[in-house]
Amino acid sequence: MARPRNRQTESLSYKEQFSALKNLPPFFRLIWETSKGMTLGNVILRTINSVIPLAMLYIGKEIIDSIIALQNGDAVDQEYLWIMVALELGLAVISTLINRAITLLDSLLGDLVSNRTSVDLIRHAAKLDLYQFENAEFYDKLERARRQTTGRTILMSQILSQFQDVISIFFLGAGLVVFNPWLILLLFLAVIPSFLGESRFNQWTYSLTRSWTPERRELDYLRYIGASDEFAKEVKTFNLADFITKRFAYLADKYYHANRKLAVKRAAWGSGLSMIGTLAYYGAYVFIIIQTIGGIITIGTLTFLSGSFSRMQSMLQRIMSRFSQIADSALYLQDLFDFFQIEPIINSKSGAIAFPEKIREGFRFDNVSFKYPGTERWAIRNLSFHLLPGEKLALVGENGAGKTTLVKLLARLYEPTEGAILLEGVDLREYDLKSLRDNIGIIFQDYMRFQFRAGENIAVGNIGMIEDAELIETSARKSLADTVIEELPDRYQQMLGRRFADGVELSGGQWQKIALARAYMRDAQLLILDEPTSALDARAEHEVFQRFADLIEDKNAVLISHRFSTVRMADRILFLENGQLLELGSHEELLAMNGKYAELFHLQAQGYV
């Protein structure tokens, strides 16, 4: 069983935590660009609402002093008293309405920001190179970034609430200073210890969460495979439930204990530091009472000062605590912005040329070598050959020989480590990347079974033509997927897979015909089939490839198949071994050479005798 690595959770310094606040301006910009109207409305409403607490306290002071004066028989205008009561009622109603409007705007704007962030994340991920997705460290960054696309509503509300409370503090503080400035100093001394404690624990929480990213990703994966239709057959057949649950429970328990230790420590220290604030408040309260008894201030002023001090204390504690939370969230926000800073290496050069309208010289591998990042083993080594215009080339070799790597290089999903791939005598890197990929249709053996409608599943091959029903149906006929779709209750509108309501699951061979239809969706000049017919029987595969060869008569094609009866239909066959070209020629030529291809061909043929 995999065990989490031993680790010491390193705490971030205050400098690191404060430096994370640099992420807030771009976050503000994101909010503003998402909806200028909602953002401005939210700020205006909060600004108005921030003045109301001071006004309410002052009106309350006037009401109390007026009542006491009337009880003492002083000449006080009762009309003024009722005006104050009416004003207090009006402010209470306005405050309630404003709070409702703020909550609504926070919710709507938060959803829009979350949606936009998710869209930006998907678009940026699509720009990145294939090899980056095959790196575990990159996946950790992606996972941390993905987690930041949700829950940004809370951060946005915290920032706007902070803005509102700071303005309220300013007005309340001005009121306190008029009566006794020493109360302000006492107030800040009361809340600073609590603020420092919250900041420190937020730093530790962030460090713990970040250091456990790989294990949390594994927990998500175990949760998925343990309760997924995709893995249900294997889980039942191989009795994996106990293994998965034990592994999940072990990792989850380790994370729980690490988190519990921090939570208990935080609660203990937080309680002690909060006591300081409580004692400071009652110290100020006693001071105000003594002044009232001495006749220095009125009862109304007593309520105003105690109310102002109490509100300022709670607001300052909220501001300090929220500031720490905002800084904490800003640290997590850095994960999102860090992901957006990752740039692809494979992209179009400035002044890149368009893919030729018709291939006249073909593709040429010129001493190409390739090894995957972070490895020392060559997947392709010193490979040179010429794919002629209109030629159908089959790639043959044992597993791990480099066949799939070769076609990924041809589609410029990878770049050669050494050497060059030429098209019309020009390095592939000189061509516009979108133009290149628009002219290459490729279906891999590990194609995706999208839980979409049947027509949408086919349109994936050229998603810009998703509304072209005629093209979709034509592509289905070419791949024989139409024989599958005709049997579905809703034909091209039928939802495939069991994930959603009324979905229909297909057999492996039926899914492959749907996937093959994607290759016909675009008018590509090079078509690549990387063992996409492995679930078909030999006869069906032969029929598919025969149809494929007839339909792309004037185009280039690269076929990968382990069935030599199918491979022999190609114009030439390239036999790879350990990433190197071993043999190249037509089926008849390779048999005449009596080499490795002939050996494997005769070996496979015996299986049909």
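Values for this structure:
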item: Ser161 being among the polar types (S, T, N, Q), buried (at least 16 other Cβ atoms within 10 Å of the Cβ) and at pLDDT 75 or above; result: yes
item: Of the criteria (1) touching a Pro at 6+ places or on another chain (Cβ under 9 Å); (2) assigned to a loop (DSSP other than H, G, I, E, B), which one Asn399 fails; result: (1)
item: Qualifying positions in region 459-490 - small (Gly, Ala, Ser) and at pLDDT 85 or above; result: Ala459, Ala469, Ser475, Ala476, Ala481
item: Criterion violated by Asp446 - all others in (1) within 22 Å of Leu395 (Cβ to Cβ); (2) at pLDDT below 85; (3) crowded, with 17+ Cβ neighbours inside 10 Å satisfied; result: (3)
item: Qualifying residue in region 367-387 (condition: assigned by TED's automatic domain parsing to the domain that holds His587, more than 37 Å from the chain's Cα centre (by Cα) and buried (at least 17 other Cβ atoms within 10 Å of the Cβ)); result: yes
item: Pick from region 402-429, criterion assigned to a loop (DSSP other than H, G, I, E, B) and among the hydrophobic types (A, V, I, L, M, F, W, C), ranking: surrounded by the most Cβ atoms within 10 Å (Cβ to Cβ); result: Ala411
item: Test: residue in region 430-450 that is part of a helix (DSSP H, G or I), farther than 25 Å from Leu584 by Cβ and among the basic types (Lys, Arg); result: yes
item: Filter result for the condition that a residue is acidic (Asp, Glu), under 22 Å from Val166 (Cβ atoms) and in a helix (DSSP H, G or I), over Asp65, Asp106; result: Asp106
item: Subset of region 102-124 that is of a type in the set (Gly, Ala, Ser) and surrounded by fewer than 16 Cβ atoms within 10 Å (Cβ to Cβ) - its residue that is modelled with the lowest pLDDT; result: Ser118
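A quick yes/no check of all residues on (1) surrounded by fewer than 16 Cβ atoms within 10 Å (Cβ to Cβ); (2) under 30 Å from Phe243 (Cα atoms); (3) modelled with pLDDT of 80 or more:
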{"site": "Ala2", "(1), (2), (3)": "yes, yes, no"}
{"site": "Ser13", "(1), (2), (3)": "yes, no, no"}
{"site": "Glu16", "(1), (2), (3)": "yes, no, no"}
{"site": "Ala20", "(1), (2), (3)": "no, no, no"}
{"site": "Arg46", "(1), (2), (3)": "no, no, yes"}
{"site": "Asn49", "(1), (2), (3)": "no, no, yes"}
{"site": "Ser66", "(1), (2), (3)": "no, no, yes"}
{"site": "Tyr80", "(1), (2), (3)": "yes, no, yes"}
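So that you can scan it fast, the table gives a plain yes or no per residue for (1) of a type in the set (S, T, N, Q); (2) touching a residue at least 24 places away in the same chain (Cβ under 8 Å):
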site	(1), (2)
Ile59	no, yes
Leu70	no, no
Ala92	no, yes
Thr96	yes, no
Asp106	no, yes
Leu112	no, yes
Arg116	no, yes
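The values are calculated or read from the model by the stated rules, or taken from the named source; none is laboratory data. Here the structure is a predicted model, which is why all the values come from computation and not from measurement. With ideal geometry, Cβ positions are generated from the backbone for all residues, glycine too; neighbour counts draw on all protein chains shown.
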